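*Asks:* Handing you a structure now.
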Amino acid sequence: MAYQKVLVEVLTASGCGRCQKIKTLAKAVIAELNDNRVSYREINVVEEIDYAVSLGVMSTPAIALDGELVFVAPPSKAKLRQAILDRFGEPLATQGKAN
């Protein structure tokens, strides 16, 4: 199923050392895609525990796309980019920077 928009949700907790790194990674991928169909939301699992539990988050950091838990550990930049593009039904070769 192809989506019209993709919401990248980064689930974090205060005091989480890896969380800052994954927030930076997600923002960088979104900036590189330069696509207004992609939006970013940061979720503190302590403040939104019911939502985090409903996604199945067991630890932070984690990344959900459109309310679906996709990464339970920090992904590579390429994997996150491809997961976002997959939501649009577009292969990696048709998007992103030209080399």
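The values are calculated or read from the model by the stated rules, or taken from the named source; none is laboratory data. All figures in this text were calculated on a predicted structure; none of them were measured in a lab. So basically every Cβ, Gly included, is an ideal-geometry build from the backbone, and we count neighbours across all protein chains shown.
*Asks:* Going through Val57, Val38 one at a time, which residue ends up being more than 14 Å from Gln82 (Cα to Cα) and either in contact with a Pro (Cβ under 9 Å, 6 or more places away or on another chain) or among the hydrophobic types (A, V, I, L, M, F, W, C) (or both)? Walk me through it before giving the result.
*Replies:* On the way: Val38 fails: more than 14 Å from Gln82 (Cα to Cα).
Within the list Val57, Val38, the selection yields Val57.
*Asks:* Then there's this: List every residue pair whose Cβ atoms sit under 8 Å apart, with the two residues 6 or more apart in sequence or on different chains, where the first one lies in the stretch 6-21 and is within 11 Å of Thr60 (Cα to Cα) and the second, anywhere, is of a type in the set (Val, Ile, Thr) and assigned to a strand (DSSP E or B).
*Replies:* Here the result reads Val10/Ile43; Val10/Ile63; Leu11/Ile43; Leu11/Ile63; Thr12/Ile43; Cys19/Val10; Cys19/Thr12, each pair linking the stretch 6-21 to a residue that is of a type in the set (Val, Ile, Thr) and assigned to a strand (DSSP E or B).
*Asks:* Same structure again: Go through the stretch 27-67 and count every residue that is over 13 Å from Leu11 (Cβ atoms) and touching a Phe, Trp or Tyr at 6+ places or on another chain (Cβ under 6 Å).
*Replies:* The first filter runs over the stretch 27-67 and keeps only residues over 13 Å from Leu11 (Cβ atoms), leaving 27-39, 66.
So of that shortlist, the ones also touching a Phe, Trp or Tyr at 6+ places or on another chain (Cβ under 6 Å) come out as 30.
Of the residues in the stretch 27-67, 1 are over 13 Å from Leu11 (Cβ atoms) and touching a Phe, Trp or Tyr at 6+ places or on another chain (Cβ under 6 Å).
*Asks:* Just need a number here: residues in the stretch 31-68 that are of a type outside the set (Ser, Thr, Tyr) and free of Cβ contacts under 8 Å to residues at least 40 places away in the same chain.
*Replies:* 17
*Asks:* Just name the residue that is surrounded by the most Cβ atoms within 10 Å (Cβ to Cβ) out of those in the stretch 54-67 that are over 10 Å from the mean Cα position of the chain (by Cα) and under 17 Å from Arg18 (Cα atoms).
*Replies:* Pro61
*Asks:* For Gly15, which of the numbered conditions (1) in a loop (DSSP other than H, G, I, E, B); (2) modelled with pLDDT of 95 or more; (3) out of contact with any helix residue (DSSP H, G or I) (no Cβ under 8 Å at 6 or more places or on another chain) fails to hold?
*Replies:* (2)
*Asks:* Surrounded by fewer than 18 Cβ atoms within 10 Å (Cβ to Cβ), in contact with a helix residue (DSSP H, G or I) (Cβ under 7 Å, 6 or more places away or on another chain) and at pLDDT 95 or above: is that true of Glu48 in this structure? Before the answer, list the steps.
*Replies:* Numbers: surrounded by fewer than 18 Cβ atoms within 10 Å (Cβ to Cβ): yes; in contact with a helix residue (DSSP H, G or I) (Cβ under 7 Å, 6 or more places away or on another chain): no; at pLDDT 95 or above: yes.
No: the conditions fail for Glu48.
Yes/no matrix, rows are residues, columns are (1) modelled with pLDDT of 95 or more; (2) closer than 18 Å to Leu11 by Cβ; (3) surrounded by fewer than 17 Cβ atoms within 10 Å (Cβ to Cβ):
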{"site": "Leu69", "(1), (2), (3)": "yes, yes, no"}
{"site": "Ala73", "(1), (2), (3)": "no, yes, yes"}
{"site": "Leu80", "(1), (2), (3)": "yes, yes, no"}
{"site": "Phe88", "(1), (2), (3)": "no, no, no"}
{"site": "Gln95", "(1), (2), (3)": "no, no, yes"}
{"site": "Asn99", "(1), (2), (3)": "no, no, yes"}
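*Asks:* Identify, by number, the condition in (1) outside any loop (DSSP other than H, G, I, E, B); (2) farther than 20 Å from Arg87 by Cβ; (3) not aromatic (Phe, Trp, Tyr) that Ile30 doesn't meet.
*Replies:* Looking at each condition in turn, Ile30 falls short on (2).
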